[in-house]
1. I'm trying to understand the selection: among the residues of region 112-130, which are within 22 Å of the chain's Cα centre (by Cα) and within 17 Å of Ala89 (Cα to Cα)?
2. When you go through Ser201, Ser166, Ser177, Ser208 one by one, which is the residue that is polar (S, T, N, Q), in contact (Cβ under 8 Å) with a residue 24 or more places away in the chain and over 14 Å from Leu4 (Cα atoms)?
3. Scan region 154-174 residue by residue and report those that are surrounded by 14 or more Cβ atoms within 10 Å (Cβ to Cβ) and within 15 Å of Leu37 (Cα to Cα).
4. For region 192-226, give me each residue that is surrounded by fewer than 19 Cβ atoms within 10 Å (Cβ to Cβ) and either under 16 Å from the mean Cα position of the chain (by Cα) or of a type in the set (Phe, Trp, Tyr) (or both).
5. Please verify whether region 17-33 includes one or more residues that are under 22 Å from Asn163 (Cα atoms) and modelled with pLDDT of 90 or more.
6. Considering only strands (runs of 3 or more DSSP E) fully contained in region 115-226, which possess at least 2 residues that are at pLDDT 95 or above?
7. Could you tell me which of the residues Asp44, Asp59 is surrounded by fewer than 19 Cβ atoms within 10 Å (Cβ to Cβ) and under 15 Å from the mean Cα position of the chain (by Cα)?
Amino acid sequence: MTKLLISDIDGTLIRQGKVALDRQKLENFRKSNTFVLCTGRNYDSFHHFTQKYAFDTFDYAILSNGAMLIDQEFNILYASEISLAVLKAQVAELATIEGINRLFLVINLKERIFDSVQDLLEAINDITESDSLLGLTMALTSNQAAQACFDQSYIDIISQGTNKKSGIATLLSKLESSRVQVIGDGENDIPMFETTDESYSFYDAPDSVKEKANYLVDCYDEIFET
């Protein structure tokens, strides 16, 4: 049976500012298997990643924590949008929390950056129902904001029920059965671990992540030996 390796990017594929795997080993893997990137990055941010690291060695990518699926040519195979009404309601609620800075809104596949909730509230007036809204990511810079958002440094607003696990399910529905392996290092990778008995993380990952993974590795390339 062929393998389907699904990998997080930041902190997993990219470690200490560089690609953490042997590219030739990945190329050899892809001769008879499928390699998928699964990330919180949105369409625009993912495109920048592929350019910055000259990395086009993937077959599919699951973006925005499961809200979008693309192929290697950046064709969109699936996208789960949020409504303008939901966005307005969520942002109005965020306006009551101090310490939310640097908001990243994905609209019409482009990332728009706002320095405050108020800036976003003003910009919402120019957004219409015909615009495509794929999600909103926020940097939380105060303890109050982090605690109000479940002790996170960043939080995403995407369509209800969407996460890396649901994104993988969408991908698997389009492919023939394969032996699935996943690797990640962060809290948002835990739903991804639930898709297989072959989940991997690193020995230096947070304890909350390590305890959910089936296996731990010292370096990325070890997964090609399993």
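1. Result: no residue meets the conditions.
2. Being polar (S, T, N, Q), in contact (Cβ under 8 Å) with a residue 24 or more places away in the chain and over 14 Å from Leu4 (Cα atoms) holds for just one of Ser201, Ser166, Ser177, Ser208, which is Ser166.
3. Passing the criteria: Asn163, Lys164, Lys165, Ser166, Gly167, Ile168, Thr170, Leu171, Leu172.
4. Listed by number, the residues that qualify are Glu194, Tyr203, Tyr215, Phe224.
5. Pass one, region 17-33, residues under 22 Å from Asn163 (Cα atoms): none.
Within region 17-33, none of the residues are under 22 Å from Asn163 (Cα atoms) and modelled with pLDDT of 90 or more.
6. 179-183, 199-202, 215-217
7. Numbers: Asp59 fails: under 15 Å from the mean Cα position of the chain (by Cα).
Just one listed residue meets the conditions, Asp44.
The values are calculated or read from the model by the stated rules, or taken from the named source; none is laboratory data. Keep in mind that what you see is a predicted model, and the values were worked out from it rather than measured. Using ideal geometry, Cβ is built from the backbone for each residue, glycine included, and neighbour counts are taken over all protein chains shown.
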